[in-house]
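Here's the structure, in structure tokens; my notes come after.
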Amino acid sequence: MHLVDSRDRQPHMLDLGEPVRIYSCGYTPRERIHLGNARPFVLADLLRRAVDAAGAEAVLVQAVSDVDRRVDAAASAADQTRQSFVAARVEDYVADSSSIGVLASHRRPVASDHVEAMIGLVAALHDRGLVTEDEAGLRLTGAPSLASGDLKHLDPDGVIRTMMCFTGQQWDVRREPLLWRRDLTSGWCSPWGTGLPDESVVCAALAHTYLGTPVSVHVGSVDLYSHHEIEMAAGTFAYGDELATTWIHSGLVHVGGQRMANSAGNVIPVHQGVAEVGPDAVRLLYLGTHYAEPLDADRTRLHAARRRADRLRSAIGSAPQHAEESGLLSAVRGALDADLDTPLAINLLEEAAAGTVGQAELRAASSLLGVLQM
């Protein structure tokens, strides 16, 4: 199986002779997921299913990224304790993601339970002379070049680079990135005072804690690339090993040419999309476009995906109960092995459904893709 690495855009072969350890940037428990920020979760699920289909073992870790001042503010606005608010949002996430075929990750660590590990990462960088302090906090500075490890080519015009990160930190190329943000009003105690770690430190520490380094595949969204650059450097130089062997990023999701985001007010929550067109249509909306490409997710395309799901369901339902094996399963596995080529896989499924392939084989092939299971 090969994946095209986001860093060098070259095929990287996965070693399927040992467990494939996958780290996925997790859910920030502030609002319910929408069709935009759910895409990398579907990508991680597809990779996990493809590894399983290849007869190998996948281990997926997807964190709950609750070390975020916006989570505290949302809990306060809802007049709930932080713990109860996060628990309720995670319950929503589990319901919404599972409704579109995302299998539960093998481990779902809560970031706030592991702040000591994050402090340890920053301390290791501090001891190596790679950290400077100022009034804002501790910054990564003087780290050796990562050579081809950066991801700047994902955003050649610098549009994404200026987006707000999870912690509210504006990425500014003129300054070294914050690893630990001082905050006297909230946060966790550290050798450098009260504050909170940047999300890059959160992910690097959790990946190392639960999977060891290097992780086989690190999954995220293209709009997190600057976060991943910092994570890549912080994790590599803190732990003395490459943080991840392969990095893959899902493309942005747009509505009418504009990025889908809560700040833009143009989101379609997953649970609303499922209620409107059904879970298979939402899943097929994602699968119909290669994960690395931009995806348009307006309601016109949602309803087109529903019609596609209806045609497939009808064809599978009317397929012969008994038929010779056609090689469909092998062909779908081959498409997934080639950088998770889901558009090809869906086309293969549709072509087979229009022929004389047996119902059991069609259902097995659709199961590999996480569709038409209900």
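The values are calculated or read from the model by the stated rules, or taken from the named source; none is laboratory data. Every value quoted in this text rests on a predicted model; they were computed, and no experiment measured them. Here Cβ is always computed from backbone atoms with ideal geometry, including for glycine, and neighbour counts include all displayed protein chains.
If you scan segment 298-349, which residues turn out to be modelled with pLDDT of 95 or more, in a loop (DSSP other than H, G, I, E, B) and touching a helix residue (DSSP H, G or I) at 6+ places or on another chain (Cβ under 8 Å)?
Leu340, Asp341
I need the full set of residues from segment 315-374 which are within 30 Å of Gln10 (Cβ to Cβ) and of a type in the set (Lys, Arg), in order please.
Correct list: Arg333 only.
If the requirement is being of a type in the set (Lys, Arg), at pLDDT 95 or above, surrounded by fewer than 22 Cβ atoms within 10 Å (Cβ to Cβ) and under 30 Å from Arg182 (Cα atoms), which of these qualifies: Arg108, Arg49?
Going through Arg108, Arg49 in turn, just one is of a type in the set (Lys, Arg), at pLDDT 95 or above, surrounded by fewer than 22 Cβ atoms within 10 Å (Cβ to Cβ) and under 30 Å from Arg182 (Cα atoms): Arg108.
State yes or no: is Val59 touching a Lys or Arg at 6+ places or on another chain (Cβ under 9 Å) and either acidic (Asp, Glu) or part of a strand (DSSP E or B) (or both)?
Judged against the criteria, Val59 is a match.
What number of residues in segment 187-216 are under 15 Å from the mean Cα position of the chain (by Cα) and not in a strand (DSSP E or B)?
Total meeting the criteria: 7.
Out of contact with any helix residue (DSSP H, G or I) (no Cβ under 7 Å at 6 or more places or on another chain) and aliphatic (A, V, I, L, M), is that true of Ala111? Give the steps one after another, and end with the answer.
Numbers: out of contact with any helix residue (DSSP H, G or I) (no Cβ under 7 Å at 6 or more places or on another chain): no; aliphatic (A, V, I, L, M): yes.
No: the conditions fail for Ala111.
Do we find that Ala238 is assigned by TED's automatic domain parsing to the domain that holds Val64, under 20 Å from the mean Cα position of the chain (by Cα) and either over 29 Å from His2 (Cβ atoms) or assigned to a helix (DSSP H, G or I) (or both) in this structure?
Values: assigned by TED's automatic domain parsing to the domain that holds Val64: yes; under 20 Å from the mean Cα position of the chain (by Cα): no; either over 29 Å from His2 (Cβ atoms) or assigned to a helix (DSSP H, G or I) (or both): yes.
So Ala238 fails the test.
From Leu196, Leu284, which residue is surrounded by 24 or more Cβ atoms within 10 Å (Cβ to Cβ), more than 24 Å from Ala56 (Cα to Cα) and outside the structural domain of Val71 (by TED's automatic domain parsing)?
When all the criteria are applied, what remains is Leu284.
When you scan segment 62-103, how many residues do you find that are in contact (Cβ under 8 Å) with a residue 40 or more places away in the chain and part of a loop (DSSP other than H, G, I, E, B)?
8
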